[in-house]
Amino acid sequence: MSDRKDKHPALRPPTAVLTRGFDPSLSVGSARPAVFRSSTYVFSSPEAAERAFAVMSGREQRAENETVDLIYSRFNHPNAEILEDQIVPLEKGAQAAAVFNSGMAAIMTSILTVAQPGQQIVYTVPLYGGTQHFIHEFLEPFGIRGTPVPAGDGDALDEAIRSTGNLAVVFIETPANPTMTMTDIRRAAVAAAGRGDGNRALVMVDNTILGPTFQHPLDLGADLSLYSATKYLSGFSDMIGGVAIAADGELIRRIRGRRGLFGNILQPDECWMLDGRLPTVALRMNRASKNAQRIAEQLAGRKEIRKVYYPTLFDDAEQIRIRTAQCDFPGALFSVDLYGGKPAAFDFLRHLKIARNAVSLGGVETLACHPKTTTHSSVSQQELELAGVTDGLVRISVGIEDWRDLLADFEQALAAIPAEAGVGQLRSGS
Ligand SMILES: Cc1ncc(COP(=O)(O)O)c(C=O)c1O
C-alpha cells in the first residue's frame, strides 16, 4: 500500500490525507480502507518470503517502487501501512511514521531505539507524568541517566546539552503540560547539532498538545515528533494510540524494528479508526483553539483566579518570542490557578455541568482535571514546584461545543466556590 504514496507528490495536506497511501483496488474497490484483521499473510512465493524478512530486518533495502510481501501483524499490516502513509502529510517536513498502541509506547520505543545503558537523556520539566515516571522508574534503573531542565529555560537547556557526556536524547514537551510553558525547539536542535562529539543526540518533541496542526518540530530541526494519538489525532476520547514521525526514514525503520520486538504496534481496528479521523484533525483543532482562546481570555479577569496559563496570555517576553516563532495558533488547552488552593479547585470541578472531570485532553468534548492529585500525582514535590503545578491548578481541555455555553459553565462553577475556599483567601492575602 505504501508503494503508491508518490502518485500525487505535490498535493496539499488536506488532500493528501484523503488520497495518499490507499489503493481501492487492494480493498476490493472499497472507497475507504477496509479493516484487515489477519495475524499472518500468505507469501506469493518462498523467495518473496525470504525477501520480505530481509527487508523487514534491515539486512536488505526495499528498491524504489518495489512491493514487498506482508509477513505478520506484529511487524506490519495493511491498516498500519495505510495510516502511516496518510499521517505523513499532516506533519511538515515528515518522510515516515510508525504507529503504536499508546502514546507511551511511541515514547518508550523511540527512546529505547537510540539510547543504550550508560548513555544519558536531557529532558524538560514538566513532562507528561507518565513520561517523567518512565524516566525515573525505568530508564534510570536501566542505566540511562536523566537530567531535568526547566521548560522554557533556553540557557539551561543549552548548557545541559553541551555538558552532558554520552548524550543520546534531548526530550522536549512543548508546550509543557499543564502550565503551557514553551521551549525553543530550534534552539535545542542547534545545540544538539553543535555538540561536535560525532555522536549527535537526537531531539525528540512530544507534539501532542499543538501538533500536527499548530506546531511543526521537524521543520524546526527536531529529529522526531511524538504523539499520544489518544488526544487530538483521534479526537473522540474513544481509543488509545501513539505515533512517531520523522524526516529520516531510516530512523523510523529502526523504530519499527524495536516495535516488532516489543509487540506494541497499533492493532488493525484502531488503525482504521484513527485513519478515519485524520481528515478532520485540523478542523477539530482549529475550532477547539478558537473556543479556548475566547474562554481563557474572558476568564483571565475573574476574582477567583490567580493566573490563567494560556499562550495568548503569556507575560514573559521570551515566552512570547517562542510562541510567535514556533506556533501558528495557541491551541485548546489552558490551566487556571485558583486562589483557594485544593478546596477551591475541587469545588470548581464538582460544580461543572458541561465540562467533565476527567484526565486526558484533545477530545471534541471539554474535560477538566486537577493535575497535582491525578496526572502529576507521582511527580516529586520538588519537580512539581519547579514546574509550577500548584494545589489550586485546574487543567482544562476545551472541546468543540459552543464556547458561550462553556464560558457560562466555568463562570457558574467559579461563582459556586464558597468564599472561605476561594476569594476570601485572596482578600486575606494568601
Ligand atoms: C502530552 C502527553 N504525552 C504523552 C501521553 C501518553 O499518551 P497515552 O496515554 O496515549 O499513552 C499523554 C497522555 O495523557 C500526554 O498528555
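The values are calculated or read from the model by the stated rules, or taken from the named source; none is laboratory data. As the structure is a computational prediction, the values presented were derived from the model and not from experiment. Virtual Cβ from ideal backbone geometry, glycine too; neighbours counted across all protein chains shown. Ligands, DNA and RNA are excluded from the accessible area calculation, which covers all protein heavy atoms including side chains. Shrake-Rupley method; radii C 1.70, N 1.55, O 1.52, S 1.80 Å.
Observations
- Placed amide H near residue 173: partners under 5 Å, 5+ positions off or other chain: 124, 206
- Rounded tilt (10° steps) of 249-262 against the dominant C-alpha axis of the chain: 90
- The simple Förster model, with R0 at 51 Å and r as the Cβ-Cβ distance, assigns residue 312 and residue 250 a FRET efficiency of 0.85.
- Since only 73, 264, 28 are under comparison, the one whose Cα sits farthest along the positive direction of the charge dipole of the chain, derived from C-beta charges on Lys, Arg, Asp and Glu, is 28.
- About the Cα centre, charge dipole magnitude for the stretch 145-304 (Lys/Arg +1, Asp/Glu -1 at Cβ), debye: 220
- Stretching the chain fully between residue 269 and residue 40 yields a gain of 80.9 nm (0.36 nm per residue, less the alpha carbon separation).
- At R0 = 60 Å, FRET efficiency that the Cβ-Cβ distance of residue 147 and residue 72 yields, to 0.05: 0.95
- Of 151, 194, 108, farthest towards positive along the dipole that unit charges on Lys, Arg, Asp, Glu beta carbons give the stretch 2-280: 108
- Between helix 341-351 and the chain: long-axis angle, C-alpha atoms, 0 to 90°, nearest 10: 70
- Surface share of carbon and sulfur [accessible, 1.4 angstrom probe, percent] for the chain: 53
- Computed over protein heavy atoms with a 1.4 Å probe, the accessible surface of the chain works out to 42 Å² per residue.
- C-alpha center-to-center spacing [the stretch 243-283, the stretch 288-326] in angstrom: 32
- Given +1 at the Cβ of Lys and Arg, -1 at the Cβ of Asp and Glu and no other charges, the dipole of the stretch 1-128 around its Cα centre is 380 debye to the nearest 20.
- Taking the C-alpha atoms of the stretch 282-427, convex hull volume expressed per residue in Å³: 112
- DSSP-assigned coil residues among trypsin sites (Lys or Arg not before Pro) in the stretch 193-273, each with at most 11 further Cβ atoms within 10 Å: none
- For the chain, the Cβ-based charge dipole about the Cα centre amounts to some 440 debye (Lys, Arg positive; Asp, Glu negative; other atoms uncharged).
- When the charge dipole of the stretch 282-427 is built from unit charges on Cβ atoms (+1 for Lys and Arg, -1 for Asp and Glu) and taken about the Cα centre, the candidate among 309, 360, 341 whose Cα reaches farthest toward its positive end is 360.
- Inter-part distance, the stretch 15-45 to the stretch 360-375, computed on C-alpha centroids, equals 35 Å.
- Per residue of the chain, the DSSP helices (runs of n ≥ 4 H) give a summed -39500 (n - 2.57) that works out to -10500 deg cm²/dmol at 222 nm.
- Spatial offset of the stretch 160-179 relative to the stretch 47-104 amounts to 29 Å, using the alpha carbon center of each.
- Principal semi-axes of the equivalent ellipsoid, √(5λ) from the alpha carbon gyration tensor of the chain, are 39, 25, 18 Å from largest down.
- Phi angles across the stretch 327-334 convert, under the Karplus curve 6.51 cos²θ - 1.76 cosθ + 1.60 with θ = phi - 60°, into 3J(HN,Hα) values of 10, 6, 9, x, x, 10, 10, 9 Hz, Gly and Pro given as x.
- Note on the chain: lysine pairs with Cα distance below 29 Å, sequence gap of 8 or more or different chains, count 24.
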